[in-house]
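**Student:** I am attaching a structure below and will ask some questions about it afterwards.
Where a number appears in this text, it was derived from the coordinates with a stated rule and is not lab data. Keep in mind that this is a model prediction, so the values were computed, not measured. Glycine gets a Cβ as well: all are built from the backbone with ideal geometry, and neighbour counts include every protein chain shown.
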Amino acid sequence: MLFKSIILIVALVTVYGQVPIPTRPDGFAVGPFDAHVVVEMYGDLICPGCKAAWPTVLKLIQYYGQKIQFVLHTFPLPYHTNAFIAAQGLHVIANVTNRDLNSILAYTTLVFENQQLWYNQATINVSMTEVLQSLANFVDKTQITTADKFIRGLQDDEINDHTRISWKYACSRGITGTPSFMINGVAVSADASWSLDDWKSVIDPLLATQRPSFTPSANDDCPTGQTKCTYAPHKTQCCLNGERCIPNVGCRC
Ligand SMILES: *[C@@H]1O[C@H](CO)[C@@H](O)[C@H](O)[C@H]1NC(C)=O
Ligand SMILES: *[C@@H]1O[C@H](CO)[C@@H](O)[C@H](O)[C@H]1NC(C)=O
């Protein structure tokens, strides 16, 4: 037991000691930095689940405009062979366009829409150089930047480093898969199944007041004396007398 605790402490110290401080807050942010609500997405451009969630994320960004801040973090998963290149590509686009948000969102959207081109199986007989060139040619066609500039960015050690630091940052936040979402720094169970209305049901009460309190809804499915608590989209519990319905958590004393 003591031995296990020591190992855990050593592991934690090691993990925290290894994460470099990014030169700026991590991620690509849309919306004001002092926003009341900050939605973060940890995404992998070669992940089908992220692709599936992205159209609603775009709706979310458009719907709330300057009322919230949205931050996209790159978290390329190691078992998606070309994910790191695609993620570094996003850091390259940010670099060559001087962090132009339209270019950043356009690259993300277009790579998601065509991600099957860079799946493991699709590139199994293709060299790394050919994958880089294929992504560069793709970017060139989108006119976000030229293939030459893109390739140069992919060969740039500093941009490569930013992409690694970004990945380590996500690890330090406990991210293990994608898409992962946080609201004001707290993990939420959002995924591709969340509609814009689902997002609104969580974000609007936060925007409306510092301390949101969820009014219990009609007592439909709960035994007498208990109150129904819809604490997250598609997640409902019956609260006992004395318990509170806490958004994102459920019934708690
Ligand atoms: C782009 O990358 C170059 C080379 O690493 C760096 O010197 C420059 O500051 C970067 N520009 C931006 C806007 O990040
Ligand atoms: C990869 O190469 C092998 C061996 O030549 C071939 O059997 C296979 O169909 C190829 N796969 C793809 C996706 O091109």
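**Student:** Would you mind checking the pairs 67/141; 51/228; 67/149; 141/168; 51/200; 141/200 and listing those with alpha carbons more than 28 angstrom apart?
**Tutor:** Working: 67/141 34 Å; 51/228 34 Å; 67/149 35 Å; 141/168 32 Å; 51/200 20 Å; 141/200 36 Å.
Those over the limit are 67/141; 51/228; 67/149; 141/168; 141/200.
**Student:** In what order do 41, 182 fall by count of nearby beta-carbon atoms within 10 Å, going from fewest to most? If you can, show how the numbers build up before the last one.
**Tutor:** Working: 41 24, 182 19.
Least to most surrounded, the residues fall as 182, 41.
**Student:** Report Rg/Rh for the stretch 25-188, rounded to two decimals, where Rg is the Cα radius of gyration and Rh the Kirkwood radius.
**Tutor:** On the way: Rg = 15.1 Å, Rh = 15.9 Å.
Rounded to two decimals, Rg over Rh is 0.95.
**Student:** Another question, then. Can you give me the C-alpha center-to-center distance between the stretch 46-66 and the stretch 150-192, rounded to a whole angstrom?
**Tutor:** After rounding, the separation between the Cα centres reads 16 Å.
**Student:** Could I ask something else about it? Sort 127, 193 so that the residue with the fewest other Cβ atoms within 10 Å of its own Cβ comes first and the one with the most comes last.
**Tutor:** Values: 127 9, 193 12.
Least to most surrounded, the residues fall as 127, 193.
**Student:** Provide 243, 113 in ascending order of the number of other Cβ atoms located within 10 Å of each residue's Cβ, fewest first.
**Tutor:** Values: 243 16, 113 12.
With the sparsest Cβ surroundings first, the list reads 113, 243.
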